[in-house]
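Comments concern the structure below.
None of the figures in this text is laboratory data; all of them are computed from the coordinates on show. Here the structure is a predicted model, which is why all the values come from computation and not from measurement. As a convention, Cβ positions derive from the backbone with ideal geometry for all residues, glycine included, and neighbour counts pool all protein chains shown.
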Amino acid sequence: MQKTGDDYFDSKEFRELLSKYEESVSSGQPFFMDADELTDIADYYHFTGDLDLADDAIERALSLSPGATLPLAYKIRESLAQEDIEQAEELLSQIVDKSDPEYLYMQAEVLIAQNKIEEADNILREHFQSIPSDDYQDYVFDVAKIYLDYGVNEKAYEWMMRSSGNDSPDFKELMGHVMFGLGKFKDSQRIFNELLDKNPYSTHYWNALASAQFMNEDYGDSITSSEYAIAIDPTDTDGLINKANGLFRLNNYEEAFDYYQRYHALMPDNDFCELQLGVCLLNMNRTEESIGHLQKAAKLTYEGSPNQIQIYQELAFAFSAANKLDDALACIDSTQALDCDHADMEVLRGHILLENQKTEQAEAAFRTAISESGNSPQILLRIIVSLYDNKYLKAAYTMFLKFFQTVGDEYNEGYSYMALCCWDLKRYRDFLFYLKEALRRNPKEAHAVLGHLFPNDMETTDYYTFMKKELNI
């Protein structure tokens, strides 16, 4: 049995239940379990990625108890994941016990999946008025978790605030995830640190802390937290991927590659991992190997995957680096039928054409991007950055001047790139001017774009003073 990090799935009670079930299935002997136990088994298989086994367990549950709430709830959630609202509503109607709280929750989930948030909330609040006081906290917890699962973080927080106070680890953990969902990463870190003070051997808590630190761009701390998870369980997939991601963000591609490989050994059919392996290799100038992993990622990806567009983008970059222009352009063509920013993809086309000295074709692609985006400042900026990346420094400088006049004083992006362009052109007085503007307007961009010009441990706020002294201007 695979270790999951989930307290119930890793418990002796569940392990015994699963063992009995698997022995019955393999021997063909009757099994003596109720529908709820079979649903727990399906949830375990789903959690570990064995979807066919999960579906089989659910069908067995429904053959024993047609109309049972939990197996049908499982199937409803599967339908919602596939955006099949009609099937979800049909399955909801098959639930026999309409008084079961799970039926109410499923009603709400079907509405939330259709973005009918207030309609769902009205149902949940109406029922809230009638629940016994002993069930008050559990109900608040369940509703908040539903909203969190669907990314409706504001509602999750609103329901958490209905609690009269609950210091249980489950409740605090949920609050930690809600804070994460709201983008309050420092608060999320604080909560998971408190939980770790009580339970320092929880890989789940360490990984949640690592994720919050990562999102707060505390990459070194994120790596350290993931290392604790890996020390507790060397096969912890979340710990391995968290450490790999942190190393990647610090541009430590060789070590990141090693950890992505360790994750890949445990999760071989993961499009994100193949993507990251490919990008690491591309940054290590191992282009042909990179193409191999990115092609595997393209085979593994699926419609709706958050990685799909980036896979084609990175594959286009890799083919271009290998002087395979036609293959690179074919990758961009592959995105035309996908739901993505097509103007952005035309910028990529122009960039790769420019990279391969096809200037006239590049200009045509850039014009298409500008037209399709309605003269979007973001698209214009990307085109100018592409000129800079391809060493058309004077053209980039001239276009930056026109760009800042066009977008006006309220637009705060691009000043760091102009500073970098001035640096390469040895226009040091202009560099200092645009560095100062970048730090005033967009210090995050300044750190990301210009950080390599300064000592690693230097605060962004010290960049201007340091460089003014270095240049002696």
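Suppose R0 equals 45 Å. What FRET efficiency, 1/(1 + (r/R0)^6) with r the Cβ-Cβ distance, do Asn323 and Phe47 give to the nearest 0.05?
Details: r = 45 Å, r/R0 = 0.99.
Efficiency at R0 = 45 Å is approximately 0.50.
Quick one: 3J(HN,Hα) in Hz for the stretch 33-45, Karplus 6.51/-1.76/1.60 with θ = phi - 60°, rounded, Gly and Pro as x.
Those phi angles translate into 9, 8, 4, 5, 5, 5, 5, 4, 5, 4, 4, 5, 4 Hz.
Based on DSSP H runs of at least 4 residues, each adding -39500 (n - 2.57), what is the mean residue ellipticity at 222 nm of the chain after dividing by all its residues, to the nearest 500 deg cm²/dmol?
On the way: 27 runs with 341 residues, N = 473.
The per-residue figure over the chain is -22500 deg cm²/dmol.
Would you mind getting me the FRET efficiency between Thr406 and Gln261? Use the beta-carbon distance for r and R0 = 56 Å, nearest 0.05.
Once the sixth-power term is evaluated, E becomes 0.75.
Could you tell me whether the stretch 69-132 comes out rounded, prolate or oblate from its Cα gyration tensor? Rule is a ≥ b ≥ c as square roots of the eigenvalues, rounded for a/c under 1.5, then prolate if a/b exceeds b/c, otherwise oblate.
Numbers: a/c = 2.57, a/b = 1.29, b/c = 1.99.
The shape class here is oblate.
So if each residue of separation counts as 0.36 nm, and I subtract the Cα-Cα distance between Glu23 and Asp84, what length gain in nm does that give? All intermediate terms of the calculation are to be shown ahead of the outcome.
Details: separation 61, 0.36 × 61 = 21.96 nm, distance 3.43 nm.
Result for the pair: 18.5 nm of gain on full extension.
For a test of the definition: using alpha carbon positions, the gyration tensor, and the 1.5 limit on a/c, classify the stretch 341-403 as rounded, prolate or oblate.
Numbers: a/c = 1.94, a/b = 1.10, b/c = 1.76.
Oblate.
Calculated FRET efficiency, Asn251 and Ser130, Cβ-Cβ r, R0 56 Å, to nearest 0.05? Can you show the working numbers first?
Values: r = 57 Å, r/R0 = 1.01.
About 0.50, to the nearest 0.05.
Note down the nm distance, to one decimal, between modelled labels 7 Å out along Cα→Cβ at Gln137 and at Glu372.
A separation of 5.5 nm, rounded to one decimal place.
Tell me, what ³J(HN,Hα) does each residue in the stretch 60-66 have, in order and in whole Hz, if you take phi through Karplus 6.51 cos²θ - 1.76 cosθ + 1.60 with θ = phi - 60° and put x for Gly and Pro?
Per-residue couplings from phi come out as 5, 4, 6, 5, 7, 9, x Hz.
Could you derive backbone 3J(HN,Hα) for the stretch 199-211 from the dihedral phi with the Karplus parameters 6.51, -1.76 and 1.60 (θ = phi - 60°), listing whole Hz in sequence and x where the residue is Gly or Pro?
9, x, 9, 8, 5, 4, 5, 4, 6, 5, 5, 4, 5
Among the listed pairs Lys358/Lys402; Lys391/Lys444; Lys145/Lys186; Lys394/Lys468; Lys20/Lys172, which are separated by more than 27 Å between their Cα atoms? Intermediate values should be presented prior to the final figure.
Details: Lys358/Lys402 24 Å; Lys391/Lys444 24 Å; Lys145/Lys186 21 Å; Lys394/Lys468 23 Å; Lys20/Lys172 34 Å.
As for pairs spanning more than 27 Å Cα to Cα, those are Lys20/Lys172.
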